[in-house]
Structure formats: structure tokens, C-alpha cells
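Asker: The structure is given below, and queries will be raised subsequently.
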Amino acid sequence: MGKALTLVALVAAAVAAGCATQSQLLDKNQAMAIQTATSRGQFELNCPAATGEILSREVVQPAFQGPWVGGLLRAEYTVGVAGCGKRTTFVVICPEGGDGCFAAGPGRFTRE
């Protein structure tokens, strides 16, 4: 019974550590994500006064993961940019271990 309790405690600690790591990844990249979306929004809206704010954020797991294949963990933010009577949204992706972020959108990601 003692071994089972130890195993449960170790699994719970690993899950808690994983959550803290994801939260840290989101916090670390948030300012860069806002700046990336704001810069693009200022250009696309032709409004240097436009500002950005986080609408949502999450960590996206790699699409492929296995013993021989590994993907990148990504912080993904939805950022709203508004100014000069206009507004738009961007999805901003920041790969873990990367040097920057990129803003995608607005618009559909698939062809109809």
C-alpha cells in the first residue's frame, strides 16, 4: 500500500510541475505576443495608435510526438487589436525555445 501511495504522489507532483511549466511558458511569451500582434495591427489598420490585448491563451501540444518524432510545444494567444475606430484579431504563435512569435490571421485557416 505504501508503494501505491508513493506512486500516486509522484504522478500528482509530475502533473503539477507540468502545469506550472505551461503557465510559465504563457507568462514568458505574453508581452512579446501582444507586441507582435499590435505591430501587425497598427500596420494593417493604418493606425499607429492601435493597442492590443490578450483575449485568450493556451499551450498547444505538438501534433506529432513519439520516440522518433518530436514536435514543438507552442504558446498560442488570441490578441485583439483596436484603434482609429477599427478592430481585428490575430492568433499569435510563440514556439517554446524560439526567439520570437508570429501573428497569423485574420481570416480563415482553411480553404472552402
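Asker: Could we say that T36 is surrounded by 11 or more Cβ atoms within 10 Å (Cβ to Cβ), at pLDDT 95 or above and in a helix (DSSP H, G or I) here?
Answerer: So T36 fits the description; yes.
Asker: If you go through the stretch 76-92 one residue at a time, how many are aliphatic (A, V, I, L, M) and buried (at least 19 other Cβ atoms within 10 Å of the Cβ)?
Answerer: Of the residues in the stretch 76-92, 3 are aliphatic (A, V, I, L, M) and buried (at least 19 other Cβ atoms within 10 Å of the Cβ).
Asker: Here's a follow-up. Tally the residues that are of a type in the set (D, E, K, R) and touching a residue at least 24 places away in the same chain (Cβ under 8 Å), restricting the search to the stretch 58-81.
Answerer: Number satisfying all stated conditions: 1.
Asker: Does Q30 qualify as being open to solvent by less than 60 Å² (accessible area, probe 1.4 Å), in contact with a Pro (Cβ under 7 Å, 6 or more places away or on another chain), at pLDDT 75 or above and not in a loop (DSSP other than H, G, I, E, B)?
Answerer: Spelling it out, it is not the case that Q30 is open to solvent by less than 60 Å² (accessible area, probe 1.4 Å), in contact with a Pro (Cβ under 7 Å, 6 or more places away or on another chain), at pLDDT 75 or above and not in a loop (DSSP other than H, G, I, E, B).
Asker: Let me ask something additional. Quickly run through the stretch 56-88 and pick out the residues that are of a type in the set (A, V, I, L, M), modelled with pLDDT of 95 or more and more than 19 Å from K28 (Cβ to Cβ).
Answerer: Answer for the stretch 56-88, where residues must be of a type in the set (A, V, I, L, M), modelled with pLDDT of 95 or more and more than 19 Å from K28 (Cβ to Cβ): V81, A82.
Asker: Sticking with this one: Inspect all residues belonging to the stretch 44-57 and state whether any of them is free of Cβ contacts under 8 Å to residues at least 12 places away in the same chain, surrounded by 10 or more Cβ atoms within 10 Å (Cβ to Cβ) and within 15 Å of F102 (Cα to Cα).
Answerer: no
The values are calculated or read from the model by the stated rules, or taken from the named source; none is laboratory data. Note that this is a predicted model, so its numbers are computed, not measured. Here the Cβ is made from the backbone with ideal geometry for all residues, glycine too, and neighbour counts use every protein chain on show. For accessibility, only protein heavy atoms count, side chains too; no ligands or nucleic acids. Shrake-Rupley method; radii C 1.70, N 1.55, O 1.52, S 1.80 Å.
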